[in-house]
Each structure stands twice: as C-alpha cells, then as structure tokens.
Amino acid sequence: MTHRHRRARASRSRGFTLLELGIVIGVAAILAAAIVPDVIETMRNRMAEKAAADVAVIHDAARLYYVQNTTCPGCWPGEQTAGQCLNNFNEGNAIFQLLNGGYLTGGGGPATPLLVSSNFRQNPWGQAYNFTVYAPVTVVANPACLFGVATDVPQVISDAFISFLPQAACNLPGGPAPCPASPTGVVPLPGNVRCCSYVPKPGIAVAGPCPPGLTVRVGVGGVLTCAP
C-alpha cells in the first residue's frame, strides 16, 4: 500500500473534522429556527380548534336537551324551572342531565351522541369546561336565558380560539370581562385567560344587554345572540 493510500485511509477513519461538524450543526440550527415555530403554531392552532369544537358540541347538546327534555319543558340543562334563569341553575345537575341523557356520550339516551369522550369536561390543556347561564336582562323570570361554556386557555392562543368560535370572547388583561370568574378554589394557571361562549335558547332572540364586552349580534339561523 502506497503512502498516499495509507494517508487517505487514515483520513477517512478520523471521521468529521471540526469544520465539517460546525457546518452540519449550523445547517441544523437554521432548519430548526425555520421549522420549529411553524410546528408550534400548528400545534397551538389544532388545540385551539379542538377546544372550540368541544364548546360548540356542548352548546349543541344543551340545545338538543332543551328541545327534547320533557321533565322541565323550556329549561336548559341544569335549570329546574323554565324562566327562572338566575335563581335555579345548578352546574352539577346540568352535567348529570347531559351525560345521563346521552347528549354528550353514548349513554343510551334519546339523542344521537354528539361528543364521545370519557373526559369531555377538560380542554386540551387539562382545564375544565364550566357550564353557566346568563340572563341578558337582570330579572328573575327571564325566558331569554343564555347557556354558556367557560374555560381557561393560554392567552397566546386566545385569538385562535375565537377565530374558530366567532361568538366566543376572552377576559383579556385590561379589557372587559364577559366571562364568569373561575369556580371558587380554582386558580387559573399563569399565562391563562378565561374564555367563554353563550348561546340563546332555540327560537328565543336576545334583546340585550349582554355580558361586558359582548353586544347583540345576528347569530346562527338569524337568531340574535351575544357576541364580540
């Protein structure tokens, strides 16, 4: 074997030089800087879309309950007397009625299952979906009672969440607070904001006023509702 051949073979056995490794690392860093933000943004958008879809499905389940239930005609899930919006809503009853009636899971109830999930009450960030009601006019007997779903989401995706659920709103720092506060004893994680969405009872238009930061707008099917 000639000296030149021995030198070439020895050079190949040494592997990459520091210069070559530096070039590889530099190219990898450039690619990561270009790709990683897009991947993160895509993941955030998918999670925001999932949360918005969950809220929309819960709204659909509540509307379907309103139409089909015979125990309390004209009641949202959780209401015990029609038209008594502010005084007789119970979130625990609402959860029980939607689950037990098969409106949110395949529970064998009268409705086609709308959301088949063993953990429908948590959003993609592990935060609860809370059910609430709001009377646009603060009188006890109010048929125009809104059904709301509220949850905490990272502030950085609040705009994306609203883009997927146009009637939604969030309690942003320094702005109006259309959404109810987190339940007693629940502390929102740092960087999270409270977001919510309200829908009117089927066939009943909202005359206003709406929660802070929301106004009366034409919603699905031409029905007036509260939205940003």
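The values are calculated or read from the model by the stated rules, or taken from the named source; none is laboratory data. This structure is a prediction, so every number in the text was calculated from the model and none was measured. All Cβ positions, glycine included, derive from the backbone under ideal geometry; neighbour counts span all protein chains shown.
Worth pointing out:
- Among (1) modelled with pLDDT under 85; (2) over 20 Å from Ala61 (Cα atoms); (3) not polar (S, T, N, Q) - the single one Asp152 does not satisfy: (1)
- Given (1) surrounded by fewer than 22 Cβ atoms within 10 Å (Cβ to Cβ); (2) of a type outside the set (A, V, I, L, M); (3) over 22 Å from Leu165 (Cα atoms), index of the condition Gly78 fails: (1)
- Evaluation of Ser13 against (1) more than 20 Å from the chain's Cα centre (by Cα); (2) polar (S, T, N, Q); (3) modelled with pLDDT under 75; (4) closer than 16 Å to Tyr129 by Cβ (one fails), failing number: (4)
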